[in-house]
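Student: So that we are looking at the same thing, I have put the structure below in structure tokens.
The values are calculated or read from the model by the stated rules, or taken from the named source; none is laboratory data. Everything quoted here is computed from the prediction, not taken from an experiment. Reconstructed Cβ throughout: ideal geometry from the backbone, glycine too, with neighbour counts over all protein chains shown. Just so you know, the surface numbers come from the protein's heavy atoms only, side chains and all, with ligands and any DNA or RNA stripped out. Shrake-Rupley method; radii C 1.70, N 1.55, O 1.52, S 1.80 Å.
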Amino acid sequence: KSMRWIYKRNKLKFQISFIVFITKIEICIGISIKSNTKSIIAICKDKNNETELKFQLNYFINPSHSISYGVSSKYYKIFPGELKASGNESIVVPKIIQKEQGLESAIYISDEFKVSDKLLIQAGLRYSYYIALGVADQRIYEEGLPKNEGTLLETVQFGKNEAIEKYGGPELRMSARY
């Protein structure tokens, strides 16, 4: 689902866009493996939700050259999956993987130049910032050793919408279409 509002001014020289995207993806896989001694029957489920808000300004220098700039923010809600036994004969141990959520925000500028009817060049700079958000349990293990219950040092708990980890930095973008 998406919604877009566009305002144009100065004989198509300037354009303002406000865009809302809502994406929901669900994947479900059934697994059935039988041998003489064991049965593995399971259902795996994965679901992702994304909501993005974007405010963009476009300046059309001439019909072959334009500059776009703006801000965007995307909220991710990820359900990495669950494994459920399907039937009484299954040897599968049910497992639900903890939900994850995050917020990615960015500011960007892009320059697009149409060299010819066949060649289009685009270059831009984007600074993005991502925050992984709680509720979550983060397991801390001994450095340099295999991750298992024996090398587990502690479990750090994060509350609702508490920042777990933050990442950010500039991104140089370039593309060409022929």
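Student: Kindly list, by first and then second residue, each pair from a residue in region 76-92 that is more than 16 Å from C28 (Cβ to Cβ) and among the β-branched types (V, I, T) to a residue that is open to solvent by 50 Å² or more (accessible area, probe 1.4 Å) and not in a strand (DSSP E or B), limited to pairs with Cβ atoms under 6 Å and residues at least 6 apart or on different chains.
Tutor: Sorted first by the residue in region 76-92, then by its partner, the pairs are I91/K38.
Student: Can you confirm whether region 134-145 contains a residue that is closer than 26 Å to Q101 by Cα, among the hydrophobic types (A, V, I, L, M, F, W, C) and part of a loop (DSSP other than H, G, I, E, B)?
Tutor: Yes, region 134-145 contains at least one residue that is closer than 26 Å to Q101 by Cα, among the hydrophobic types (A, V, I, L, M, F, W, C) and part of a loop (DSSP other than H, G, I, E, B).
Student: Inside region 84-115, can you point out the residues that are at pLDDT 95 or above and among the small types (G, A, S)?
Tutor: G102, S105, A106, S110, listed by residue number.
Student: I need a count of the residues in region 116-151 that are without any contact (Cβ under 8 Å) to a residue 24 or more places away in the chain and more than 29 Å from the chain's Cα centre (by Cα).
Tutor: Let us first name the residues in region 116-151 that are without any contact (Cβ under 8 Å) to a residue 24 or more places away in the chain, namely 116-117, 139-151.
Now restrict to residues that are more than 29 Å from the chain's Cα centre (by Cα): 116-117, 142, 144-145, 149-151.
Within region 116-151, residues that are without any contact (Cβ under 8 Å) to a residue 24 or more places away in the chain and more than 29 Å from the chain's Cα centre (by Cα) number 8.
Student: Here is a further query. Take region 126-166 and flag every residue that is loosely packed, with under 15 Cβ neighbours inside 10 Å, in contact with a Leu (Cβ under 8 Å, 6 or more places away or on another chain) and over 22 Å from K77 (Cβ atoms).
Tutor: Within region 126-166, I140, E142, T151 qualify.
Table: residues versus (1) outside any strand (DSSP E or B); (2) exposed (fewer than 15 other Cβ atoms within 10 Å of the Cβ).
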{"position": "I67", "(1), (2)": "no, no"}
{"position": "V71", "(1), (2)": "no, yes"}
{"position": "N88", "(1), (2)": "yes, yes"}
{"position": "I91", "(1), (2)": "yes, yes"}
{"position": "G102", "(1), (2)": "no, no"}
{"position": "S116", "(1), (2)": "yes, yes"}
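Student: Please go through region 97-143 and give me each residue that is polar (S, T, N, Q), over 25 Å from E82 (Cβ atoms) and in contact with an Asp or Glu (Cβ under 8 Å, 6 or more places away or on another chain), ordered by number.
Tutor: Narrowing region 97-143 to residues polar (S, T, N, Q): 98, 101, 105, 110, 116, 122, 128, 138.
Right, trim to over 25 Å from E82 (Cβ atoms) and you get 105, 110, 116, 122, 128.
Within region 97-143, Q122, S128 qualify.
Student: What are the residues in region 8-45 that are at pLDDT below 75, assigned to a strand (DSSP E or B) and among the hydroxyl-bearing types (S, T, Y), if any?
Tutor: Matches in region 8-45: S32, S39.
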